[in-house]
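A.B. asks: Questions regarding the structure given below will be posed in turn.
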Amino acid sequence: MDELITMTAAELSAAMAAGEVSAAEVTTAHLDRIAAVDDKVRAFLHVAADEALAQAREVDSKRQAGEPLGPLAGVPVAVKDLFTTLGMPTTCGSKILEGWRPPYESTITRRLRDAGAVLIGKTNMDEFAMGSSTENSGFGASHNPWDLDKVPGGSSGGSAAAVAAYEAPLALGTDTGGSIRQPAAVCGIVGTKPTYGGSSRYGVVAFASSLDTPGPFGRTVLDAALLHEAMSGHDPMDSTSIDAPVPPVVEAARHGDVAGLRIGVVTEFSGDGYQPGVMARFTEAVELLESLGAKVTEISCPHFKYALPAYYLIAPSEASSNLARFDGMRYGLRAGTGSAEEVMALTRAAGFGAEVKRRIILGTYALSSGYYDAYYGKAQQVRTLIIRDFDAAFGQVDVLVSPVTPTTAFPLGERADDPMAMYLADLCTIPTDLAGNAAISVPCGLADEDGLPAGLQVMAPPLADDRLYRVAAAVEAALEQRWGHPLLAEAKGLTAK
Amino acid sequence: MTVSYEAALGRYEPVFGLETHVELGTRTKMFCGCGTTFGAEPNSQTCPVCLGLPGSLPVVNRVAIEFAIKIGLALNCSIASWCRFARKNYFYPDMPKNFQISQYDEPLCVDGYLDVAVGGKTVRVGIERVHLEEDTGKSLHVGGATGRIHGAEYSLVDYNRAGIPLVEIVTRPVPGTGFLAPEVARAYVTELRDVLRTLGVSDVRMEEGSLRCDVNTSLSARGSSVWGTRTETKNVNSLRSVERAIRSEVARQAEVLDDGGRVIQETRHFHEDTGVTTSGRSKEEAQDYRYFPEPDLVPVAPAEEWVKSIAASLPELPSARRARLIEAWSLSELEFEALRNAGALDVVEATIAHGASPADARKWWLGELARRANDAGIDVSELPITPAQVARVAELVAAGTLNDRLARQVIDGVLDEEGTPDEVVAARGLAVVSDDSALLGAIDEAIAANPDVVARIRSGKVQAAGVLVGSVMKATGGKADAARVRELIMERLA
Amino acid sequence: MSITRDEVAHLARLSRLALSDEELDHLAPQLGQIISAVAQVQEVAADGIPPTSHATGLTNVFREDEPAPCLTPEEALSGAPAVEMRRFKVPRILVEE
C-alpha cells in the first residue's frame, strides 16, 4: 500500500508544505487506490479524476509561485453526493436525479475549493439521506472496508467507507439523525455532527431542514477538526446559519485534555438491544476518561426515550415537503405520459425508492389536517422537552457520553426489509439532532463478538464543538498508547495497512 | 338568469369579503436577489432559490417586510411582535418547490380596518389580516382554443415571476350594505388601491396583475342572523368587475335558494364578456395544504423602534388627505368623490399650488381635460399638459385675455404639443380682442347686414341683439368678449 | 394504531406517488407499525409546552433589497426534460389552481 494513502490529512499537508511531495502525487495515489479497491467497497458514485488532478496541479503551481496556502491545500476530500457541485453530477443516491448536473455549487464545497482542497469524487449514500446503511441507495449499497459483507452505516456510508478504505483522507457527510456519527462508528473512524447552523446548508439537498447538519469525517481527531474548521462558518445564503465565530476545534484537537472535566453518562443509552461488546468498549472508554482526570457521573435524560418517535415524525414531515419539488417538470427523471398530474405521480413512483416513499407517506400523514396536533405538533413539543433535558444535563456536566449506536456493523440485507429495526440504529444519535447540539464519534475499540469497531459518542452544548475535540483527542491519544497503534492498524482486509 | 339583482335584494341580505393580492414594488424578489422588472425574457430572472433547485434556501427581503408593515399600519392593524413563515403544500407546475412560502396562523399584521365612503356614507371594512407570500411562475397553455387550460395540449412555464413578493390583504365579511354591496366593494378596492399607491409600495395596476382581487359572496335570508354559504370568485380584473361579480353572484345564489337548492361552497370564475360567474374547483373537496412552520426561515420579530419609525414615515393617507382637501376646497363629499374617481386629485392640488382657484382647477380638470383623457383612454395625469400650464390658462381667463372658448383652444394647442399656453396664444393669435375700435368695424357691418334685427332691437326686443353678437363673434373668429360686444352694439344703436 | 389501504392510497394521491397495488398492499401494514411506534409521543404530557420549530433561537435574518447575479436562461433550463420557447415544457395541466 502506497504510504501516501495511509498518511493523515495533517501529515500530507505538512509533507506538501515541506516540498516532500506534490499535490498531484497525492491525488494520483488516491485515485490509484480508488481504482484498486472501489469495485469492492463501492464508496464512490462518481470519481472526478481529471478535475481532481487539475485542482491538484493548480495547488502545486500556487505553491511554486510562493502563494500562501491553507492546511487543506492539495488534500483530497470525498464529497457525499448530497452536496451540489459544479462539474460533477449530484444524485443524492436517487434515480430521480440520475445524471443531474446542478448549475450551482454548495457553499461548503465552494469554500473547500477556495481553500485548495481536491474534491476527488461524490460518494454513495442512502437515498436523500434516509437510512442507516446505504442500502437505500438507488445505485446499490456500499460495503464496510472492515468486512465487505457488512454495512458501512448510513446515510453517509460511502464517505465513511472511502476514508476507512484509504481512498481519501477526508470526507464530507451530513447528519440528520446520526448519519455521520453512526457510519463513523461502524467504520472505525472519526465523524462529527457540528452544532446545527454551524455549517452552511446552502447547496446541501434538504432532507429534514431543521435537523440536517453538514460535517466532517477523518481517520484522526485532528483531521476531522481540520475539515470541520475549513467547512464551517456563517453563510448569508442560509437563514439558519449561526453568525458566530467557528469554535476553536483545531486547537482543541491538538490539546486533548479532560482533567477536571465533568462527564455525564446518559442512563437511557444502555440495556436491552445494546450489543455487549459495544457496551464493553464504551464502559472501558468511560473508565479511561476517569483515569485521565475526568469526573464521571450518571445523568438521566428522561425524555430521550421519546426522541426516536419524535424524530420519525419531524424528519419525514419536513422531507415530504422538501421532496415535493422532484416531479419531473424542471430537472431529473421524467417518466410516463399523460397529464402533468399523472406524469408527476409516475415520475416519483419510478424515481423514488421504498424508504423514501414510506417516509413521504408518513410525513404527509403526520402533517394532515386532523392529525397535525397529535403527531407533528406533539413531536415538536417533545423536541422542547429533549432540549430541556440537555439544558438540565449541561447544567451539571460539561459533556455527555454514550455509545454511538447499539451494535457494530450489521450484515448487508439483515435489516433492509425491516424499517423499524433499521431505525433503531439511530437511538443514541437522534437526541442531539433534535436539540441542534454538537456531537462526535471517536473509535474506542473492537467488539469481542465480531472484531468490528465501536465508537464513543461525546455530546456538547450548542457552539461548544471544541469541547468534543478536546475529549476525543484525549481518548484517541490514550487508546493509541494503550493499543500501541491507531485503531485502523487492527483492520484486516481492505483497511489493513 | 331569471332572478334580477334587485329582486334578490328584496329577499336576501348580501355579505361580501375580499382577498386582495398586491405585488410589492421591491427591486428584488421575496427570498432571493433576482430582479423584478416586468416583461423580461423568459427564465432570465431566476436563480437556484426562486427555481427551487435542490439545495437552495430562501432569505427574507427586509424591504418586503417593511412594505408589509407599512401596509398594515396604513390599514390600522396591529403588527405582530413575533411571527413565522409557513409552507403551503400543493403540487402545481408553476410552483417550483410544490409548496409556497406564505404565512398561516401567524400573519404579520392583524385586526385593522379601512373606511370607505359610498354615497356620502362611511362604511368601515374590517381587515382580518395582512401577510406576505411568494408569487408563482406564469404558464402559457398551448393547443387549446382560448389559450386557457381547458383543452390545452401542454404548457410552457416561465419562472421569472416565481418568488415576487406578494402581500395578501383579507377583509372580514362585510354585512349590512344591502343593495350597495357592489358599490361598497368597489369603493373598498379603489380606496385600498389609493392607499397602496400613496404608500409607494406597489404600482397597483389591476390590468397588469399587480393588484388582484378574489371576491367572496354569500346571502342570508332577510332578517336572519345566519350567514349563508359563501363562494369565492376569481379572475376579477378591474374595479368594474368587482361590482359586476358581486351583482352576478347575488342574483345567481338567490335563484338557487329560491329554487329550494343549496349554494355549494366553491371557487367560481368571473367572465368579463358575459358578466357572469361559472363554476371552477369545488371547495368541498378542500385542499389539505398541510401547513407547517417554514424550517428554512427563522421567525420575524419586528423591533418596536423599527415599527415606530415606519409609522412615523408614513405619508398622508387618502382618508386624511380627503378630510384636509374637503375643508380647504370647500367641497361636498360627492364633489370630492368625483375628483377622486377621475384620478384628478394630484393634478388639481398641483394646479391650485400654481395659483389657480379650487373652482377653476376643478372645472378644467373635471371638464375639458377629463373628456380629452377619456377619449385618449388614459389617466388625466398622463395628458401632455402640466398643472402649471392649466393654472396659467385659468389665470389668462381671469385676466380677461382669454374667454372660455379661446381657453379651450389654447388647451388643445398645448395638448397637441404646440408649446406653452403663452406660446399657443401668440402663435395662433388667440387673445381676446380687447380693443373696442377693432370691434366697431365688425359691429357696423353686422348692423348694416341685419336691418330687420336692428328694427326689432329698437322696438324693445333686446334679446334679438344676440344675433348681432353671434355675427360679430363669427367675424372675429370668436376672439371677442361677447359681453363687451353686446354692450357696444347697444351703445351703437342707442 | 393501523392505517387502511385506502388511507395510504389517499396519502399517495396527495403526495403525487403512483403506487402499484403491490406497494399499497405492502405499505399499509408497515406504516401501521411505524405509526403505532411514533404515536408514542402522545404519551408525553405536554400541556403548556411550547413546540420547537427552530433550534437556534435566531430571529430577524434578512437580506437587503439589492440585486444579486442570477442564472442565465441556459443554466436555468439546463436540467429540463423538455424546453420550448425558452420555457419549461410540461404536460397538459388538468386542474386549474
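Derivation of every value follows stated rules applied to the coordinates shown; laboratory data play no part. Owing to the predicted nature of the structure, the values given are computational and were not obtained by experimental measurement. Please note: Cβ atoms are built from the backbone with ideal geometry, for glycine as well, and neighbour counts cover all protein chains shown.
A.B. asks: Quick check on the range B:436-493: what are the equivalent-ellipsoid semi-axes from the Cα gyration tensor, as sqrt(5λ), descending, whole Å?
C.D. replies: Calculated on Cα positions only, the semi-axes equal 17, 11, 10 Å.
A.B. asks: Taking the Cα centre as origin and putting +1 on Lys and Arg beta-carbons and -1 on Asp and Glu beta-carbons, what dipole magnitude results for the range A:1-73, to the nearest 20 debye?
C.D. replies: Dipole size: approximately 140 debye.
A.B. asks: Right, something else. Expressed in nm², what is the orientationally averaged projection area of the convex hull enclosing the Cα positions of the range B:5-310? Don't skip to the end; give the middle numbers.
C.D. replies: Values: hull surface 67.6 nm².
With every direction weighted equally, the projected area is 16.9 nm².
A.B. asks: To continue, here is another question. Using alpha carbon centroids, what distance separates the range A:261-299 and the range B:243-317, in Å?
C.D. replies: One Cα centre to the other: 59 Å.
A.B. asks: Multiply the residue gap between residue B:262 and residue B:335 by 0.36 nm, knock off their C-alpha separation, and tell me the result in nm, one decimal place. Don't jump to the answer; show the numbers that get you there.
C.D. replies: Details: separation 73, 0.36 × 73 = 26.28 nm, distance 4.32 nm.
Between residue B:262 and residue B:335, full extension yields 22.0 nm more.
A.B. asks: Viscosity 1.002 mPa s, temperature 20 °C: Stokes-Einstein D of chain A from its Kirkwood Cα radius, in µm² per second?
C.D. replies: Reported coefficient: 97 µm²/s.
A.B. asks: Moving on. Can you check what the Kirkwood hydrodynamic radius comes to for the range A:267-373, Cα pairs only, in Å to one decimal? Spell out each step's value before the answer.
C.D. replies: Values: mean 1/r = 0.0560 Å⁻¹.
Final number for the Kirkwood radius of the range A:267-373 is 17.9 Å.
A.B. asks: Please give the contour-minus-distance gain from residue A:287 to residue A:2: 0.36 nm per residue of separation, less the Cα-Cα distance, rounded to one decimal in nm.
C.D. replies: Result: 98.9 nm gained on full extension.
A.B. asks: If you take the charge dipole of the range B:436-493 about its Cα centre, with +1 on Lys and Arg Cβ and -1 on Asp and Glu Cβ, which of B:439, B:475, B:462 is farthest toward its positive end?
C.D. replies: B:462
A.B. asks: While we're looking at this one, here's another question. Excluding same-chain pairs closer than 8 in sequence, count the lysine pairs in chain A whose Cα atoms lie under 14 Å apart.
C.D. replies: Taking the Cα cut-off of 14 Å, the pair count is 4.
A.B. asks: For residue A:447, what residues show an amide H to amide H distance below 5 Å, using hydrogens built from the backbone and excluding near sequence neighbours?
C.D. replies: A:452, A:454
A.B. asks: Please list the non-local residues whose amide H lies under 5 Å from the amide H of residue A:77, H modeled 1.01 Å from N, same-chain partners needing a gap of 5 or more.
C.D. replies: Excluding prolines and chain starts, which carry no amide H, the hits are A:118, A:119, A:120.
A.B. asks: With only alpha-carbon pairs counted, each pair once and no self-pairs, how large is the Kirkwood hydrodynamic radius of the protein assembly as shown in angstroms?
C.D. replies: Hydrodynamic radius (Kirkwood, Cα only) of the protein assembly as shown equals 33.4 Å.
A.B. asks: Which number do you get for Rg(Cα) / (2.2 N^0.38 Å) in the range B:58-198?
C.D. replies: 1.26
A.B. asks: Treat each spin label as a single point 7 Å out from the Cα along the C-beta direction, and report the residue A:39 to residue B:272 distance in nm.
C.D. replies: Computed distance between label sites residue A:39 and residue B:272 equals 6.8 nm.
A.B. asks: Now a separate question. If we count every other residue with Cβ under 12 angstrom of residue A:226's Cβ, Lys/Arg +1 and Asp/Glu -1, where does the sum land?
C.D. replies: Around residue A:226, the surrounding residues sum to -2.
A.B. asks: Using square roots of five times the C-alpha gyration tensor eigenvalues, list the equivalent-ellipsoid semi-axes of the range B:104-157 in whole Å, biggest first.
C.D. replies: They are 39, 20, 7 Å, listed from largest to smallest.
A.B. asks: Compare the Cα positions of B:279, B:401, B:57 along the charge dipole of chain B (+1 at Cβ of Lys, Arg; -1 at Cβ of Asp, Glu; about the Cα centre) and return the one farthest towards the positive end.
C.D. replies: B:279
A.B. asks: Further question: Using amide H atoms built 1.01 Å from N in the peptide plane, name the residues 5+ places from residue B:129, or on other chains, whose amide H lies under 5 Å from its own.
C.D. replies: Residues meeting the amide H criterion: B:111, B:170.
A.B. asks: How large are Rg and Dmax for the range A:332-371 when calculated on the C-alpha trace, in angstrom?
C.D. replies: 12.1, 34
A.B. asks: Here's another thing I want to ask about it. In vacuo Debye scattering of the range B:373-458, one point per C-alpha: log10 I(q)/I(0) at q = 0.13, 0.16, 0.22 Å⁻¹?
C.D. replies: Here log10 of I(q) over I(0) equals -0.57, -0.71, -1.01.
A.B. asks: In whole angstrom, and with the biggest value first, how far do the Cα coordinates of chain C range along each principal axis?
C.D. replies: 52, 44, 24
A.B. asks: Moving on. Straight-line reach only, C-alpha to C-alpha below 22 angstrom: list the lysines that residue B:479 could link to, leaving out same-chain residues fewer than 8 apart.
C.D. replies: Correct list for residue B:479: B:363.
A.B. asks: Let me ask something else about it. Can you work out ³J(HN,Hα) from phi for every residue in the range B:391-403, in order, using Karplus 6.51 cos²θ - 1.76 cosθ + 1.60 and θ = phi - 60°, giving whole Hz and x for Gly and Pro?
C.D. replies: 4, 5, 4, 4, 5, 5, 5, 4, 7, x, 5, 10, 9
A.B. asks: Whole-Å semi-axes of the range B:230-313's equivalent ellipsoid, largest first, each the root of 5 times a Cα gyration tensor eigenvalue?
C.D. replies: Three semi-axes, in Å: 38, 21, 12.
A.B. asks: Quick check on the range A:342-472: what does the Kirkwood estimate of hydrodynamic radius come out to from the alpha carbon pairs, in Å?
C.D. replies: 17.6 Å
A.B. asks: May I ask you to evaluate 6.51 cos²θ - 1.76 cosθ + 1.60, the Karplus curve with θ = phi - 60°, for each residue of the range A:330-335 and list the ³J(HN,Hα) values in order in whole Hz, giving x for glycine and proline?
C.D. replies: 10, 6, x, 4, 10, 10
A.B. asks: Run the quick spin-label model on residue A:339 and residue B:423: label points 7 Å from Cα toward the beta carbon, then report their separation in nm to one decimal.
C.D. replies: Placing both labels 7 Å beyond Cα along the Cβ direction yields 6.2 nm.
A.B. asks: If you don't mind, another one. With θ set to phi - 60°, apply the Karplus curve 6.51 cos²θ - 1.76 cosθ + 1.60 along the range A:21-26 and write out the HN-Hα couplings as whole Hz, x wherever there is a Gly or Pro.
C.D. replies: Working through the residues one at a time gives 8, 9, 5, 4, 5, 5 Hz.
A.B. asks: Go ahead and run the numbers for FRET between residue C:33 and residue B:90, Cβ-Cβ distance against an R0 of 35 Å, rounding to 0.05.
C.D. replies: The value I calculate is 0.75.
A.B. asks: Charges at C-beta only: +1 for Lys and Arg, -1 for Asp and Glu. How large is the resulting dipole of chain B about its Cα centre, in Debye rounded to 20?
C.D. replies: Here the size comes out at about 640 debye.
A.B. asks: Taking 35 Å as R0, compute the FRET efficiency from the Cβ-Cβ separation of residue A:388 and residue A:350 and round it to 0.05.
C.D. replies: The formula returns an efficiency of 0.20 here.
A.B. asks: Given the Cα-Cα distance of residue A:21 and residue A:300 and 0.36 nm per residue of separation, how much length would full extension add, in nm? Don't skip to the end; give the middle numbers.
C.D. replies: Values: separation 279, 0.36 × 279 = 100.44 nm, distance 5.11 nm.
That works out to 95.3 nm of additional length.
A.B. asks: Starting from the 7 Å offset along Cα-to-Cβ, what nm value, one decimal, do you get for the label separation of residue A:371 and residue A:254?
C.D. replies: Using points 7 Å along Cα→Cβ, the separation is 5.3 nm.
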